[in-house]
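The values are calculated or read from the model by the stated rules, or taken from the named source; none is laboratory data. If you're wondering where the values come from, they're calculated on a predicted model, not measured in any experiment. Methodologically, a virtual Cβ is constructed for each residue, glycine included, from the backbone with ideal geometry; neighbour enumeration extends over all protein chains shown. Only protein heavy atoms, including side chains, enter the accessible area calculation; ligands, DNA and RNA are left aside. Shrake-Rupley method; radii C 1.70, N 1.55, O 1.52, S 1.80 Å.
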Amino acid sequence: MAEPVVRIPDAKVALSTASVYPESTATAFEIAARLGYDGVEVMVWNDPVSQDIDALRRLSDYHQVPILAVHAPCLLITQRVWSTDPWVKLQRARAAAEQLGATTVVVHPPFRWQRQYARDFVQGIWRMADETDVRFAVENMYPWRYRDREMLAYAPDWDVTKDDYRHFTIDLSHAATARTDAIHLLDRMGDRLGHVHLADGSGSNKDEHLVPGRGTQPCAELLERLALSGFDGHVVIEVNTRRAMSSVEREADLAEALAFTRLHLASALKVPRR
């Protein structure tokens, strides 16, 4: 029997519901089903459906699209979603993941002004991870910049590899904004990499979340390395389609992102000559 020349890892390719903004969480399920994504990551934000476990379950069942991950409400605009207490937010995110069958909760490091939360964050994430089979995957962030000024907005650090977490999420758009080498970041995460947010960036001051292949980040190389390593986490398309002029254009962007990801996850192997 001939040896395989292509290795396709077990990693599933999911669509972040944030990728369809300003359209709704429900629209993300429709698009994911139509384009053939393996599942969705639910961004919990101001859309009431994203906060409602029963509504999410109905969407998942109706469209036959599993929920693979839950992104906890860590953004500035979600400070009052699921409580103002950040630990309560994470507890509710874990409960949602457990009830919906998701394997991962994505977490941002605290904002620097959340002093008590930041002080206890590393140990607290370990405690929560010990209480569940759900992965708490802490995501790399970036300094905030305005013109020639830089503000360190996250604590203990925007570079999450400087602290001890069980699992990481790597986000290539965030790496571009931080102006850090994404492949070196991947190496530092090592076997603790549990989750991927795939998007591109050009290294500007803004977190761009471009369709993979439209920026300067090593999106293809990262995917090929995941394929060769047998990565078994999820690869989530988290791109910005707010500038799409129509729903057709938005869907085309998301189809392009899915095709790019599947292509580069199918990594060629060297077959020895006989």
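Just a few scattered comments:
- Spatial extent of segment 45-109: Rg and Dmax, with the Cα atoms as the point set, Å: 11.5, 34
- Bridge type composition, the chain - antiparallel percent by DSSP, nearest 5: 20
- Using R0 = 41 Å, the C-beta based FRET efficiency linking Arg58 and Lys162 works out to 0.50.
- Segment 164-274: relative contact order in percent, alpha carbon pairs under 8 Å with at least 6 residues between: 25
- Within the accessible area of segment 190-261 (1.4 Å probe), percent carbon and sulfur: 50
- Taking 7 Å steps out from each Cα toward its Cβ at Ala255 and Gln123 produces label points 5.3 nm apart.
- Each peptide in 194-206, 55-67, 118-130 was scored by the mean count of other Cβ atoms within 10 Å over its residues; highest first, the order is 194-206, 55-67, 118-130.
- Taking amide H as placed 1.01 Å from N in the peptide plane, the amide H of Phe136 sits under 5 Å from that of Val105, each at least 5 places away or on another chain.
- Per-peptide packing, taken as the mean over residues of other Cβ atoms within 10 Å, places 213-224, 34-45 in the sequence 34-45, 213-224 from highest down.
- Here segment 160-274 is treated as a Stokes sphere of Kirkwood radius computed over C-alpha pairs; at 4 °C and 1.567 mPa s its diffusion coefficient rounds to 87 µm²/s.
- Shown here for segment 80-141: GluC sites (Glu not before Pro) in loop regions (DSSP other than H, G, I, E, B) with at most 15 other Cβ atoms within 10 Å, namely Glu131.
- Cβ-placed point charges (K, R +1; D, E -1), dipole of segment 16-112 about Cα centre in debye, nearest 20: 300
- Looking at segment 54-149, the pairs of alpha carbons with a distance over 24 Å make up 27% of the total.
- Size descriptor, Kirkwood hydrodynamic radius, that averages inverse alpha-carbon separations across the chain, Å: 19.0
- Considering only Cα atoms, the convex hull volume of segment 208-272 works out to 89 Å³ per residue.
- Per residue, segment 1-103 exposes 48 Å² of accessible surface when a 1.4 Å probe is rolled over the protein heavy atoms with every protein chain present.
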